[in-house]
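K.L.:
The following block contains the structure, expressed as structure tokens.
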Amino acid sequence: MGLGMYEQLKELYDALADEESKMIFSQRLLYSMTGNWSYIKNMLMYYREKDKDYYNLLDVLAEPGLFRDKKIVLFGTGVWGHALRNVLCQCGLEFYAYCDNDGNKAGGTMYGKIILSAEELFSKHRDAHILIATDLYEREILEQLHQESFDDEQIIRLSYSERKMYFDDEIIHPLKEEVFVDGGAFDGSNSIEFANWCKGNVKKIYAFEPDSKNIKKCRENFEKNLKSEFEILNAGLWSERTILHFYEEHSVGSRIAEEGTASVSVTSIDEAVKENVTFIKMDIEGSELEALKGAVKTIQRDKPRLAICLYHKPEDIVEIPRLIKNLVPEYKLYIRHYIPYHFDTVLYAVIDNEETDGIGNEE
């Protein structure tokens, strides 16, 4: 590595506002360079809680030997069902089966493992350790297991962070008259969460979502749950207005991609949003850097708070904070991570003297 690159990396490292940010940056940088999952594990271990009355996934990562001779069942066959298979493999752990509350899946297989019904799990596998493989239904499954008299020592939970992704109260606070740009709106839930976080002090929400089915869900949710003015734009965010290939998955995974068989309109924040912006969130499956290039005028003019995902492409851990710091040198940069896997690392950029205008977020 040349001296110039070293100096650039050190400058980025020194620009980060606290030790947690520097730790995440270091480990993600090493992971991006090597693909070695041990660096993700090192990062996750920072968040391991002590003296809990239940296991969570970080306990498995820290001490896989405790679970090596256990019958492990993954309860859930969605995104986390896929991800946790990989985590267990990294830990050298074999698992027995999947389980799902969807009766149509029972008796099938996933990665060669049988999918049990909940009834079969409860009646025939009471000795199992249950790894809850879903964040959306974790509480519901936990209640099921308790009702069926599974001990907490048999249950491995997924979640570990109570902090709000994108709206982390340790770093960012709501203002009055917020103008929020939601890059990657999906079903609108993040915008609704933002409005609630702001206690309704929102002037306008601009929601960008290129997926045709997602945008329908987004509109339905906004009309039902949002009192603020909003504009939904059926377009992806990019550095300019154009047409690109698109992989339309009708989920959070829809993305701009060369292998995409659909076409999608994309635009830039500078072109689409003409009023002063106070907050930009981007979770757009690898298009974040290009979208930031299309928001240069807005960012330099308004200095909005930023919450930008850093985990979709290996180069993002360097290129995104470098671009943002070059655009507005007075930004303070923080990095936070939110789930016990390599997804969901977010870069925050805030101005140090930012005022809350009396809008708190206490209950």
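K.L.:
Within region 155-214, how many residues turn out to be of a type in the set (A, V, I, L, M) and farther than 18 Å from Glu231 by Cβ?
P.N.:
Total meeting the criteria: 7.
K.L.:
Something else about it: Are there any pairs with C-beta distances below 8 angstrom linking a residue in region 5-21 that is farther than 15 Å from Ile320 by Cα to a residue that is at pLDDT 95 or above, with the two at least 6 apart or on different chains, and if so which?
P.N.:
Ala17/Lys332; Ala17/Leu333; Ala17/Tyr334; Asp18/Tyr334; Glu20/Tyr334; Glu20/Ile335; Glu20/Arg336
K.L.:
Okay, next question. Tell me the residue from Ser263, Ser251 that is part of a strand (DSSP E or B) and either of a type in the set (S, T, N, Q) or modelled with pLDDT under 80 (or both), please.
P.N.:
Ser263
K.L.:
Sticking with this structure for a sec: Taking Ile280 and the conditions (1) surrounded by fewer than 22 Cβ atoms within 10 Å (Cβ to Cβ); (2) within 21 Å of Ala17 (Cα to Cα); (3) of a type in the set (A, V, I, L, M, F, W, C), which numbered condition does it fall short on, given that it satisfies the others?
P.N.:
The one condition Ile280 does not meet is (1).
K.L.:
Looking for whichever is touching a residue at least 40 places away in the same chain (Cβ under 8 Å), surrounded by fewer than 22 Cβ atoms within 10 Å (Cβ to Cβ) and among the basic types (Lys, Arg) here; the options are Lys224, Lys199. Which one fits?
P.N.:
Testing whether each residue is touching a residue at least 40 places away in the same chain (Cβ under 8 Å), surrounded by fewer than 22 Cβ atoms within 10 Å (Cβ to Cβ) and among the basic types (Lys, Arg) leaves just Lys199.
K.L.:
Quick check on Leu74: is it outside any strand (DSSP E or B) and hydrophobic (A, V, I, L, M, F, W, C)?
P.N.:
On the way: outside any strand (DSSP E or B): no; hydrophobic (A, V, I, L, M, F, W, C): yes.
It is false that Leu74 is outside any strand (DSSP E or B) and hydrophobic (A, V, I, L, M, F, W, C).
K.L.:
Mind listing whichever residues of region 13-42 are among the hydrophobic types (A, V, I, L, M, F, W, C) and surrounded by fewer than 20 Cβ atoms within 10 Å (Cβ to Cβ)? Explain how you work it out, then say what you get.
P.N.:
To start, the set of residues in region 13-42 that are among the hydrophobic types (A, V, I, L, M, F, W, C) comprises 15-17, 23-25, 29-30, 33, 37, 40.
Across region 13-42, the qualifying residues are Ala15, Ala17, Met23, Leu29, Leu30, Met33, Trp37.
The values are calculated or read from the model by the stated rules, or taken from the named source; none is laboratory data. In this text, all values refer to a predicted model and were calculated from it rather than measured experimentally. Cβ sites come from the backbone with ideal geometry, for glycine too, and all protein chains shown count toward neighbours.
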